[in-house]
Amino acid sequence: TAQIGYRDPEFDAKPIETNLRVIGEEVSKARKIGGNGIIGVNIMVATKRYEEYVKAAVEAGVDLIISGAGLPMTLPALVEGAKTKIAPIVSSLKSAQVICKYWIKKYNRLPDLVVIEGPLAGGHLGFSTEQLADLEHFDFEEEIRKIVRYIKELASEYVKKIPVAVAGGIYTRQDAEHAFELGADAVQMGTRFVTTQECDASKEYK
């Protein structure tokens with residue numbers, strides 16, 4: 001939802017209000033294209049008026065909200081009573097534990113999906129400059145295994161299916177298969193699709 005309304009004529013004058021309105025319009029377009037498929041949006045916790053963005057997405061009937069760029073601690077409360085599924089983005093076992101434990105205690109709610117974004121994923125992640133500068137010696141695969149193990153244990157304890165998706169540096173089938181070997185149920189890919197006709201980036205950028 002970050003600047004989702006930037007192409008709208010009213011965006012320059014009223015950016016946030018336009019974004020909130022356009023969420024519904026874009027979800028409607030996606031629904032027509034996707035049919036019975038799952039329609040989801042990514043909403044950054046760091047977004048100004050985050051709660052309003054979440055509520056606008058829920059009102060638009062979105063199936064899934066994926067949320068990162070901060071810890072989405074209040075997300076369960078914002079979707080309460082709706083059918084919308086929720087998925088936090090985590091980059092460490094600690095962040096996964098903090099979110100899940102808080103959601104269970106405060107809202108009696110577990111994630112419907114967990115997205116693990118590694119150091120090669122674009123976005124606001126919890127990695128230090130030193131870690132990013134020395135990726136060869138940064139064993140993030142072990143962190144993925146730990147997070148997957150923790151989420152699977154939670155799922156088993158509460159008798160709930162919680163798929164785990166891995167993101168970051170996944171371009172090929174081999175990359176995806178390696179993520180599955182680490183325990184992932186799915187992969188999240190972004191950069192790979194930048195050059196498609198459907199992507200609204202400029203031709204120069206593509």
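The values are calculated or read from the model by the stated rules, or taken from the named source; none is laboratory data. Given the structure is predicted, the values throughout are model-derived calculations rather than measurements. Because the Cβ atoms are built from the backbone with ideal geometry, glycine has one as well, and the counts that use them run over all protein chains shown. Accessible surface areas use protein heavy atoms only, side chains included; no ligands, DNA or RNA. Shrake-Rupley method; radii C 1.70, N 1.55, O 1.52, S 1.80 Å.
Here are the numbers:
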{"item": "Candidates Ala60, Ala77 - the one that is open to solvent by 10 Å² or more (accessible area, probe 1.4 Å), more than 21 Å from Ala165 (Cα to Cα) and touching a Gly at 6+ places or on another chain (Cβ under 9 Å)", "result": "Ala60"}
{"item": "Condition check for Tyr53: among the hydroxyl-bearing types (Ser, Thr, Tyr), at pLDDT 95 or above, closer than 27 Å to Ala184 by Cβ and surrounded by 15 or more Cβ atoms within 10 Å (Cβ to Cβ)", "result": "no"}
{"item": "Where a residue in segment 58-84 is at positive phi and its partner, wherever it lies, is assigned to a loop (DSSP other than H, G, I, E, B), with Cβ under 6 Å and at least six apart", "result": "Ala69/Met44; Ala69/Val45; Ala69/Ala46; Ala69/His124; Gly70/Val45; Gly70/Ala46"}
{"item": "For Ala184: the one exception among (1) modelled with pLDDT of 95 or more; (2) open to solvent by 40 Å² or more (accessible area, probe 1.4 Å); (3) assigned to a loop (DSSP other than H, G, I, E, B)", "result": "(2)"}
{"item": "Count of residues meeting criterion [β-branched (Val, Ile, Thr), part of a loop (DSSP other than H, G, I, E, B) and surrounded by 13 or more Cβ atoms within 10 Å (Cβ to Cβ)] in segment 1-45", "result": "5"}
{"item": "Residues of segment 95-112 satisfying the condition of being part of a helix (DSSP H, G or I), within 18 Å of Ile147 (Cβ to Cβ) and either touching a residue at least 60 places away in the same chain (Cβ under 8 Å) or not aliphatic (A, V, I, L, M) (or both)", "result": "Ser95, Gln97, Cys100, Lys101, Tyr102, Trp103"}
{"item": "Condition met for Val164 (open to solvent by 40 Å² or more (accessible area, probe 1.4 Å), at pLDDT 95 or above, under 19 Å from Leu64 (Cβ atoms) and within 15 Å of the chain's Cα centre (by Cα))", "result": "no"}
{"item": "Residue within segment 120-141 that is closer than 22 Å to Thr191 by Cβ, assigned to a helix (DSSP H, G or I) and of a type in the set (Asp, Glu) present", "result": "yes"}
{"item": "All positions within segment 83-94 that are in a loop (DSSP other than H, G, I, E, B) and buried (at least 17 other Cβ atoms within 10 Å of the Cβ)", "result": "Thr84, Ser91"}
